[in-house]
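Here the structure comes first, spelled out in structure tokens, and everything after it is commentary.
Nothing in this text is a laboratory measurement; each read-out follows from the coordinates by a stated rule. What you see is a predicted model; the values in this text were computed from it and never measured. When we count neighbours, we look across all protein chains shown, and the Cβ atoms used for this are built from the backbone with ideal geometry, even at glycine.
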Amino acid sequence: MKVVMTGAAGGVGTMLRPLLRGRFDELILSDRVAIEDLAEGERFEPADLTDLAAMERLLAGADGLIHLGGQSVEAPWDPVLQANIIGLHNSYEAARRQGCNRIVFATTNHVVGFYRRQRTIDHTVPIRPDSYYGVSKAFGEALGRLYADKHGLRVFNIRIGNVGERPLDIRRLSIWISPRDLAQLIGIGLEHPAIHFEVVYGASRNIRAWWDNRNAERLGYRPVDESEAHTVVAHEASLAAPEDAITDQFQGGSFCAMDFDGDPSRID
Ligand code: 15L
């Protein structure tokens with residue numbers, strides 16, 4: 001299997017590389033920024049998501065795409081538009097034209113960020129984006145549905161919480177995913193024979209989870225890491241930087257509070 005990873009120079013890509021290396025016949029790392037420290041079994045090909053022809057060259061002969069590329073936090077509209085709307089359309093269209101049939105799309109918890117922390121939500125709830133970034137990832141999920149239903153691509157959307165070696169604060173105890181659990185989910189997305197279009201949450205075994213992730217479990221996901229092992233450090237971090245009154249009500253945290261001038265009492 002020849003697999004391409006976009007956004008491979010970013011934080012998540014860098015954590016995943018050692019875990020995915022050697023797992024496929026070929027792993028091609030792509031980004032706008034060059035990757036110099038290539039290991040055996042890795043190859044680098046530059047590509048800009050906003051350049052359809054470059055994306056087609058990148059995906060020629062590929063069987064799978066792990067799409068981490070694009071804007072990964074909130075930003076003004078134009079960079080979000082370029083990377084996550086135009087760039088994502090280019091990625092899907094290039095995949096379709098080149099016969100790259102499997103897409104693992106790194107979407108985000110910010111697609112559903114305005115759900116309250118008391119709620120447990122699954123992959124079927126209506127979207128509640130908390131930012132332009134969250135809206136753009138919701139668009140990405142919808143575009144994936146179109147390419148699955150209309151063009152037969154197999155699309156696996158991972159609504160990632162927060163990836164890291166450990167949860168950074170109390171909020172992240174509910175949404176954290178370790179790099180190896182994320183690598184496991186990506187493997188399911190690329191290899192599970194029965195995927196048409198799926199949405200799962202990218203979370204480890206977190207007992208404080210806000211997400212019912214039975215859809216991932218149904219597909220074979222068995223997370224091995226649990227956030228509870230890191231509670232002391234996470235609490236210390238949150239004590240040092242307490243959340244404001246909007247941030248601490250909603251699952252999306254500070255993404256909800258940015259530019260907020262709404263009425264929280266109307267958000268059920
Ligand atoms: C995300 O989607 C971001 O990519 C990441 O940097 C974190 O901010 C994360 O969400 C989060 O919600 O903590």
Quiz prompt | Karplus 3J(HN,Hα) series, Hz, for region 110-118 with 6.51 cos²θ - 1.76 cosθ + 1.60 (x for Gly, Pro) | solution = 6, 5, 10, x, 8, 6, 6, 5, 6
Quiz item: Between the DSSP loop rule and a limit of at most 12 other Cβ atoms within 10 Å, which chymotrypsin sites (Phe, Trp or Tyr not before Pro) in region 165-203 are left?
Solution: none
Self-check item: Whole-Hz ³J(HN,Hα) from phi, Karplus 6.51 cos²θ - 1.76 cosθ + 1.60, for region 227-242, glycine and proline x
Solution: 5, 4, 5, 10, 5, 4, 5, 5, 5, 4, 5, 6, 5, 6, 9, x
Quiz item: Fewest first, what order do 44, 156 take by the number of other Cβ atoms within 10 Å?
Solution: 44, 156
Quiz item: At residue 2 and residue 212, where each label point lies 7 Å from the Cα along Cα→Cβ, what is the point-to-point distance in nanometres?
Solution: 4.3 nm
Quiz prompt | Most mobile listed residue (78, 130, 63) in the chain, GNM with C-alpha springs under 10 Å | solution = 78
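Calculate the FRET efficiency for residue 240 and residue 127 from the Cβ-Cβ distance with a Förster distance of 35 Å, rounded to the nearest 0.05.
That gives a FRET efficiency of 0.60.
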Quiz item: Which residue, 34, 62, 106, tops the fluctuation ranking in a GNM of the chain built on C-alpha contacts under 10 Å?
Solution: 34
Quiz item: Cα centroids of region 154-182 and region 72-115: how far apart, whole angstrom?
Solution: 18 Å
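Taking neighbour Cβ counts within 10 Å as the exposure measure, how do 133, 147 sort from fewest upward?
Going from least to most buried by this count: 147, 133.
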Practice problem: Could you tell me how many degrees, from 0 to 90 and to the nearest 10, lie between the Cα long axis of helix 87-98 and the main elongation axis, the longest principal axis, of the Cα atoms of the chain? | Solution: 30 degrees
Quiz item: Which value, in debye to the nearest 20, gives the size of the charge dipole of the chain about its Cα centre, when Lys and Arg are +1 and Asp and Glu are -1 at the Cβ?
Solution: 820 debye
